[in-house]
Amino acid sequence: MDTQPETLEFQAEARQLLQLMVHSIYSNKDIFLRELISNASDALDKLRLEAFRDKDLQVDTADLHIDLEVDKAQRTLTVRDNGIGMSRDEVVNLIGTIAKSGTAELLRKLKESKDTGASQELIGQFGVGFYSSFMVADKVTLVTRRAGEDQGTRWESSGEGTYTIEPVDDAAQGTAVTLHLKPEDSEDHLFDYAADWKIKEIVQRYSDFITWPIRMEVERTDGEGKTTRELQTVNSMKALWARSREEASEEEFKEFYKHISHDWTDPLEIIQMKAEGTFEYQALLFIPSHAPLDLYLRERKRGVQLYVKRVFIMDDCEALMPEYLRFVKGVVDAQDLSLNVSREILQQDRQIQLMRRRLVKKVLSTVKTMLTENPDRYQTFWKEFGPAVKEGLVNDFDNRETILEIASFDSTHDAEKPTTLREYVERMKEGQEHIYYLTGASRSIIENSPHMEAFRAKGFEVLVLTDPVDEMWVDSVNEFDGKHFQSIAKGQVDLDTEEEKKSAESERDQQQKDYADLLSWLTKKLEENVKEVRLSSRLTTSPACIVGDAHDVTPTLEKMYRAMGQELPPVKRILELNPAHPLVSGLRKAHAEREDDSGLADTAELLYGMALLAEGGELSDPSRFMRLLADRLAHTL
Ligand code: ADP
Ligand code: MG
């Protein structure tokens, strides 16, 4: 067998992240050990699970543990586990590359931010796991053998672009990571990571809850002053979710969160739950303080792990959390499930469904409490996860009311601060029956849309909905607190009071008569684009706007469907004209006086095009529009 070490290159993204670690942009170096222990713990979980599922796998799972070995003379620290291990290919794929989605995005942001504080924050949100060893080591050696395989693999790198890899014959099953420690340096916050006390302190601070024994040899002096070395378990191994808030510190919960989430930043909320009786379980859930980079990617996994009687069963258990709460992390430990439950069984299990219902309610009620008791924290939550939570308005009928209660939206009331629906309703004007909203691509498009004119003039508040998901839920949610949601770009608008209506009645009748000819002529002229042309009561300054019927697909939604490749018949809406605008009244006059309508047809087309542009829409033939407009303008000179 060829035993020459082979030299391979790190994947480009991996190389860049390693550079950052080698040149240490992250100030808390202690956490490298947490990351290595976290990986070892995962490897032990995986081995136990695989041994359980695959009875042919010849492994001994009786004594699974993590050993920390210090060699003071050589200045090395080794983290050794007898877990699942890695094959050669796995080492190349898992250690030589970064498969995390969002890596490219992260690197782009890192490059942009010159500020080290911001870079630290970003790296912290991303978490670079194994690579953090290069903060404290100038060389890392990893020897591993996968359970069930004969051949082991030795990997080594100084973190500078390449690594070597070679087969080894006598590797123990599992993985040993040896760090060749950099010299101590107080300026760089490098401690003596070869000191027993330091290692012990780090383990107890960051990894105490790991459910496997973390052992190390420590010196002990007996009564007669004789020192011996003995193996000691340094962590308490107590499953944190089984402990009450009094029995464990806030810090411990936070570290546990970091272990299961692979996030380096503290969670926003910690949620504990316990059910006793026929179906017993404990849950420890976390709401992160920031959205992961891949929250809106299709393949995004859910974050809750399932344990059965303290034994890890599976990651991202989709049966426990609905998709719209996919950012919730944590652990659920059930007493009465079989250890070999499958995902399929879980999906159908009635007890699991009940459990899920309770977990969801608990998460939502936690947010509700946050809303009243800690508005700042709530705002962070909503900024990070609001668009995901709003998906629940479409999918989770049972909790729709609660989601509406905890949601907030941009509104014309206050450009700085989003509003809850409760607050909106409290501000509603006398006689106002509906909750008004407008969907669109951006706040400025919405605010400058002609549809807004009458609402602004009369002082009605309008919700400004710019998330793609808003287009979806407004169609399926009817009301909040008895008030219907009403798009200001749909249907007829009537904002006048009874009195105003009375006084304007005769004037309106007259207008209708005056404009009847023009409207029917325009309806005919523009029939390919609109289904009707009518007079508007929502415009004050613009000449025209386009509105839909209550069930018409909005332009944004139409665009979304088409982007998803869905066929859609062309959507025709309604053109509304402002009779108070000189262009419109002038057009009426010209139409009444002229025999030949050829010049006017262009104006009609321009009018329609302008209305389309005003709502942020796209012209079907921009160059034609330009030509017509240039022509018209030339005539005015
Ligand atoms: P993460 O833990 O977030 O996946 P890491 O950089 O910490 O990222 O580790 C990358 C991968 O390398 C792990 O997902 C795991 O598959 C593998 N790995 C790391 N350490 C070990 C280990 N001790 N035993 C087995 N596999 C490991
Ligand atoms: Mg890791």
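Accessible surface area normalised per residue over the stretch 241-378 is 45 Å², counting heavy atoms of protein chains with a 1.4 Å rolling probe.
Peptides 579-591, 489-501 ranked from most to least packed by the mean count of surrounding Cβ atoms within 10 Å: 579-591, 489-501. Whole Å is fine, so just give me how far the alpha carbon centre of the stretch 247-261 lies from that of the stretch 70-123. Using only Cα atoms to place each centre, the spacing works out to 21 Å. Positive contributions from Lys and Arg (+1) and negative ones from Asp and Glu (-1), summed over other residues with Cβ under 15 Å from the Cβ of residue 627, come out at -2.
Highest mean packing first, where packing is the average number of other Cβ atoms within 10 Å per residue, the peptides 410-419, 442-451 line up as 442-451, 410-419. For the chain, the fraction of 1.4 Å probe accessible surface lying on carbon and sulfur atoms is 47 percent.
Counting only alpha carbon atoms, the long axis of helix 582-593 and the longest principal axis of the chain meet at about 40°.
The alpha carbon centroids of the stretch 441-496 and the stretch 125-166 are separated by 55 Å. Solvent-accessible surface of the stretch 408-487, averaged per residue with a 1.4 angstrom probe and all protein chains in place: 45 square angstrom. For the stretch 241-378, with the dipole built from +1 on Lys and Arg beta-carbon atoms and -1 on Asp and Glu ones, taken about the Cα centre, which of 261, 341, 327 lies farthest toward the positive end? Positive-most Cα among the choices belongs to 341. Among 366, 178, 586, whose Cα projects farthest towards the positive end of the dipole of the chain, with charges put on the beta-carbon of Lys, Arg (+1) and Asp, Glu (-1)? Farthest towards the positive pole: 586.
Considering helices alone, the calculated mean residue ellipticity of the chain at 222 nm is -12000 deg cm²/dmol, with DSSP H runs of length four and up weighted by -39500 (n - 2.57) and normalised per residue.
The charge dipole of the stretch 6-227, taken about the Cα centre with unit charges on the Cβ atoms of Lys, Arg (+1) and Asp, Glu (-1), comes to about 520 debye, rounded to the nearest 20.
Ligands, DNA and RNA are left out, and with a 1.4 angstrom probe the accessible area of the stretch 501-636 is 59 Å² per residue. Taking every DSSP beta bridge that has both ends in the stretch 241-378, the antiparallel portion is near 75%.
The values are calculated or read from the model by the stated rules, or taken from the named source; none is laboratory data. These figures come from a predicted structure and were not determined experimentally. With ideal geometry, Cβ positions are generated from the backbone for all residues, glycine too; neighbour counts draw on all protein chains shown. All accessible areas refer to the heavy atoms of the entire protein, side chains included, with ligands and DNA or RNA removed. Shrake-Rupley method; radii C 1.70, N 1.55, O 1.52, S 1.80 Å.
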